[in-house]
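Structure record follows, encoded as structure tokens.
Values quoted throughout were computed directly from the atomic coordinates according to the rules given, and no laboratory measurement underlies them. What you see is a predicted model; the values in this text were computed from it and never measured. Methodologically, a virtual Cβ is constructed for each residue, glycine included, from the backbone with ideal geometry; neighbour enumeration extends over all protein chains shown.
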Amino acid sequence: MDGEELTEQETQLYDRQIRVWGADAQRRLSKAHVLVCGMKGTVAEFCKNIVLAGVGSLTLVDNRLLTEEALSANFLIPPDEGVFGGKTVAELCCDSLKDFNPMVRVSVEKGDLSSFDEDFLKTFDVIVVSCCSLAEKKSVNEKCRKLTKRIAFYTVDCRDSCGEIFVDLQEYKYAKKKLDDTVECQLSYSSFEEAISVPWKAHPRKVSKLFYALRVMERFEEVEGRNPGETTISDLPGVLKLKKELCELQSLNDAHIPNALIERLVTNSKEFPPVCAIIGGILGQEVIKAISGKGDPLKNFFYFDAVDGKGIIEDISSKP
């Protein structure tokens, strides 16, 4: 959308949310371009939320063909999978999302995440990656940081009934209300690689056990050459061994990462749909905040575990 003002049709369609966050925020949202890589259940929830909110365009990347696992938590894929004739997961999700809000341009990009260069990435304002390797997360985040244009970068992961969101807004300025005044604020973010490279002994006290458990899982998958979530109960001894080694290396008591939690993540890699809705909803709120420049953004990790029902924000940064 090239115009500065909302059209009459947009103003009518988004009237209720304009009353909540204002016409300026809605205008910025209607001009924003979002790239999403990895269409699992949590990301499907996120996409639904920002399409209904009226984002300018949404580009989907997921070259997987339809499987039973893809159907398990992704409500965007109709259950009658026999009629799709070789369509990719991204193509099927694209068809459904177009029905949610015809005013949003939803499209599919073919190709692998690792093959996207900086010229392609700079056409977006927000990039969300999921279902990808540790190396891919680092690579895309670093490509974003090399650009003169600031891109909001997010990773999201949901395994069993646990979820993680990571946020990198680089040098981010925003406004927030304080009593009757609006104050200008600024935050400095670390990249994903910088954040996970902070020595564990330098962390704030009582960091979420999920932060450490997911770093163990990422490291195991990297060492073994697995895709995210490609573990079974037979891998548990190897993952527990790696957990102990990492804890010794990082001077962390390995009891801080419960074996029962590791076992859940190893054996139950499928997403739990109610948790997808929670994590996808929070991610949608955060992306709208980042685009609009209004409200305190999350810095820089968020964790949720349905077992205890707690949502926890952790600031694990190489920068103050």
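Counting only helical runs of four or more DSSP H residues, what would the 222 nm mean residue ellipticity of the chain come to if each run contributes -39,500 (n - 2.57) and the total is spread over all its residues?
-12500 deg cm²/dmol
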Revision key, fill the gap. Length gained, Arg19-Thr148, 0.36 nm per residue minus C-alpha separation, equals 43.1 nm
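Note down the magnitude of the dipole of the stretch 195-267 about its Cα centre, charges +1 on Lys and Arg C-beta and -1 on Asp and Glu C-beta and zero elsewhere, to the nearest 20 debye. Could you put the intermediate results ahead of the total?
On the way: 11 positive and 10 negative charges, 89 e Å.
Result for the stretch 195-267 is approximately 420 debye, rounded to the nearest 20.
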Review point. Given the convex hull over the Cα atoms of the stretch 62-154, what projected area results after averaging over all orientations, in nm²?
Key: 6.9
**Study point:** Leu179-Asp112 pseudo-label distance in nm [points 7 Å out on the Cα-to-Cβ vector]
**Key:** 5.7
Exercise for review: Using every pair of alpha-carbon atoms in the chain, split the distances into 20 Å bins beginning at 0 and state the percent of pairs per bin, rounded to integers.
Suggested key: 31, 59, 10, 0
Study note, to complete from the structure: Cα-based Rg then Dmax for the stretch 195-267, in Å, read 11.7, 34
Point to revise | Approximate spin-label separation Ser234-Thr67, in nm, with each point projected 7 Å along Cα-to-Cβ | key: 1.6
Point to revise | Length gained when the stretch Asn227-Phe75 is fully extended (0.36 nm per residue, less Cα-Cα span) | key: 52.5 nm
**Study point:** Alpha-carbon Rg/Rh ratio, for the stretch 227-271, with Rh computed the Kirkwood way
**Key:** 1.00
Review point. Based on the alpha-carbon gyration tensor of the stretch 147-208 and its eigenvalue square roots a ≥ b ≥ c, which shape applies: rounded if a/c is under 1.5, prolate if not and a/b is larger than b/c, or oblate?
Key: prolate
Check your understanding: Among the aspartates and glutamates, which have Cα under 16 Å from the Cα of Lys178 when same-chain residues fewer than 8 positions away are ignored?
Key -> Asp296
Practice item. Calculate how steeply helix 209-224 sits against the longest principal axis of the alpha-carbon atoms of the chain, using the helix alpha-carbon long axis, and give the answer as 0 to 90 degrees to the nearest 10. Key: 80
Review point. Lysines near Lys146 by alpha-carbon distance under 26 Å, same-chain residues fewer than 8 away left out - which ones?
Key: Lys31, Lys110, Lys122, Lys137, Lys138, Lys173, Lys289, Lys294, Lys299, Lys319
**Study point:** Value of D in µm² per second that Stokes-Einstein yields for the stretch 23-89, Kirkwood Rh from Cα pairs, at 4 °C (1.567 mPa s)
**Key:** 99
Practice item. Percent of Cα-Cα pairs per 5 Å bin, from 0 to the last occupied bin, for the stretch 110-177, please list those. Key: 3, 15, 27, 23, 16, 9, 5, 2, 0
**Study point:** the chain, relative contact order in percent, only Cα pairs under 8 angstrom and at least six apart counted
**Key:** 21
Practice item. Quick one, can you get me the convex hull of the C-alpha atoms of the stretch 196-320 expressed as volume per residue in Å³? Key: 130
**Study point:** Cα-derived Rg to Rh of the stretch 18-57, Kirkwood definition
**Key:** 1.04
Check your understanding: Which is farthest toward the positive dipole end of the stretch 153-301 among Ile165, Ser234, Phe192, measuring Cα position about the Cα centre, with Cβ charges +1 (Lys, Arg) and -1 (Asp, Glu)?
Key -> Ile165
Review point. In degrees from 0 to 90, rounded to the nearest 10, what is the angle of the helix 273-292 Cα long axis to the longest principal axis of the chain?
Key: 50
**Study point:** Cα-projected label distance for Gln250 with Gln186, points at 7 Å along beta-carbon direction, nm
**Key:** 3.1
